[in-house]
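Below: one structure, written as structure tokens.
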Amino acid sequence: MDAVPEAKVVDTNESADIAVAGVSSSGEFACVGIGGATDAGDASNPGRTPRWNISDQLSVRTDWSSQDDLSPQRSTRSDGFSHSELENYSRDLRSCRRTLTTMVSPRNSFGKPLRYGVHSIQNMRQKMEDAHRAVLGVEGWSPSTSRPSSREGMEASLGSMSYFAIFDGHAGSEAAKFASENLCELLAADRTALLSEPSEALRRALARTEEEWLERARSREWMDGTTAAVALVDRAGCRCIVGNIGDSEILLGSRGESGLTEYKILTEVHHLKRSPSEVDRVSSVGGRIWRGRLGHPKISPQVLSLSVSRAIGDLFFKDEKYTDGVLTGLSAEAYIATVEICAEQISDEFLVIGCDGLWDTVKYAEAADFVLERLHDKDDPQAISEGLVRLAREAGSSDNITVMVVVM
């Protein structure tokens with residue numbers, strides 16, 4: 001009998017959300033990040049080149065704007081799209097192979113439109129696991145990313161609020177896709193609570209997304225997970241409601257008429273290396289912490305660990321079938337906050353919603369200054385989101401990167 005190679009202690013790639021230890025075709029143990037980095041070739045396909053080959057540095061994106069063939073003005077259908085365009089557009093948005101920018105024609109006294117742009121790249125990862133979605137409320141029109149034919153009902157249910165969200169998947173893209181397609185629908189379906197208690201409605205919608213995803217994951221034995229960062233912008237109510245799970249974050253920046261600039265982070269970071277309170281929370285339930293990562297109760301953390309301490313999904317860390325009923329500390333409880341926006345004497349105000357592919361290499365102040373400078377130069381949100389992605393990549397980010405810029 002051949003000797004079994006002795007396991008080596010390996011440092012996990014810090015940017016990988018889930019890390020597992022694998023065996024290369026040569027018998028060497030290597031650190032493999034699911035949706036993350038590996039220096040070894042694919043053991044199941046020895047002829048495959050390592051993912052660090054320069055040809056694998058992909059950027060998958062296509063722009064959409066109101067001047068393209070999908071615009072209502074050029075449509076042949078009364079609702080703005082042909083059947084084939086609807087199908088292709090919806091599929092591309094869900095797969096993140098499309099980025100879009102939309103300007104809202106104001107229907108109130110704000111005097112300027114609500115604008116946003118979003119840019120996603122696969123970067124040096126083997127797969128694209130990010131997803132995003134934006135739905136504008138009654139201030140204007142926008143295409144629905146899941147059921148375009150029902151967009152009027154969706155936007156009417158949101159009332160004066162506009163919805164912006166990104167999802168950073170790990171161990172696969174299915175959880176992120178599911179959340180991007182369903183969270184807004186769940187939120188809009190709870191219209192009474194959304195209009196009276198939007199923060200509680202957002203909390204419930206995120207919890208319901210977790211429940212419905214885990215139900216689907218159990219039936220298919222899917223282990224995918226995802227972070228979430230969501231913003232509800234209500235200019236009529238001068239408020240912004242945000243929620244996040246994991247390490248995707250939201251920054252609010254502004255410039256006053258006096259020239260004073262400010263920024264603040266509206267979300268929490270649910271990451272054991274960056275949050276002492278999360279370490280305390282996980283430890284209090286008996287969770288396993290290893291080198292600043294969340295371990296599994298039955299499997300060596302050298303083999304399987306998570307970088308985030310809160311996420312939607314990750315059935316393997318939550319279902320007693322896989323944990324023997326032992327709590328791991330992984331939670332999908334969202335952080336929710338409400339902040340004032342659209343105050344008097346503010347000339348520029350914006351949100352930057354980004355996954356860790358942005359924030360791991362771009363500092364908060366750097367991102368805020370970048371947006372303020374570009375707004376001063378009259379750049380649109382789409383160009384600014386692309387610039388932030390480029391900034392993160394040039395600073396060394398190899399992760400999937402998704403950035404959404406909302407100019408209020």
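Counting only protein heavy atoms and a probe of 1.4 Å, the accessible surface of the range 195-257 is 40% carbon and sulfur.
Which entries in 264/318; 273/318; 177/264; 112/363 show an alpha-carbon gap greater than 27 Å? It would help to have the intermediate numbers written out before the result.
Working: 264/318 33 Å; 273/318 21 Å; 177/264 29 Å; 112/363 29 Å.
Among 264/318; 273/318; 177/264; 112/363, the Cα-Cα distance tops 27 Å for 264/318; 177/264; 112/363.
Assuming R0 = 22 Å, can you tell me the calculated FRET efficiency for the pair residue 283 and residue 218, based on Cβ-Cβ distance, to the nearest 0.05?
Numbers: r = 28 Å, r/R0 = 1.26.
Approximately 0.20, to the nearest 0.05.
With every protein chain kept in place and ligands, DNA and RNA left out, what is the accessible area per residue of the range 239-385? Probe 1.4 Å, answer in Å².
On the way: 6050 Å² over 147 residues.
Solvent-accessible surface per residue comes out at 41 Å².
Whole-Hz Karplus values for the range 359-367 come out as 6, 5, 10, 10, 6, 4, 4, 5, 5 Hz, taken residue by residue from phi with 6.51 cos²θ - 1.76 cosθ + 1.60 and θ = phi - 60°; glycine and proline positions read x. Of interest is the spacing of the C-alpha centroids, which for the range 376-408 and the range 168-236 amounts to 24 Å. Protein-only accessible surface at a 1.4 angstrom probe places the residues 347, 196 in the order 196, 347, largest first.
Quick check on the range 188-255: take the gyration tensor over C-alpha atoms, sort the square-rooted eigenvalues as a ≥ b ≥ c, and tell me if it's rounded (a/c under 1.5), prolate or oblate.
Working: a/c = 4.22, a/b = 1.60, b/c = 2.64.
Oblate, because a/c is 1.5 or more while a/b does not exceed b/c.
Here the Karplus relation 6.51 cos²θ - 1.76 cosθ + 1.60, evaluated at θ = phi - 60°, turns the backbone of the range 118-127 into coupling constants of 9, 9, 10, 10, 6, 6, 9, 7, 6, 9 Hz, with x for every Gly and Pro.
One decimal place: the segment residue 299-residue 196 gains 32.6 nm when fully extended, by the rule 0.36 nm per residue minus the C-alpha distance.
Kindly identify the range 322-401 as rounded, prolate or oblate by the Cα gyration tensor criterion: order the square roots of the eigenvalues as a ≥ b ≥ c, call it rounded if a/c is under 1.5, otherwise compare a/b with b/c, prolate if a/b is larger, else oblate. In terms of gyration-tensor shape, oblate. At a 1.4 Å probe radius, carbon and sulfur cover how many percent of the accessible area of the range 260-408? The value for the range 260-408 is 47 percent carbon and sulfur by accessible area. Taking every Cα-Cα distance in the range 238-337 and sorting them into 5 Å bins starting at zero, the pair-distance distribution P(r) comes out as 3, 13, 20, 20, 14, 10, 7, 5, 4, 3, 1, 1 percent.
The values are calculated or read from the model by the stated rules, or taken from the named source; none is laboratory data. Since the structure is predicted, the reported quantities are computational estimates derived from the model, not experimental observations. All Cβ positions, glycine included, derive from the backbone under ideal geometry; neighbour counts span all protein chains shown. To get the accessible areas, we keep the full protein, side chains included, count just its heavy atoms, and leave off ligands, DNA and RNA. Shrake-Rupley method; radii C 1.70, N 1.55, O 1.52, S 1.80 Å.
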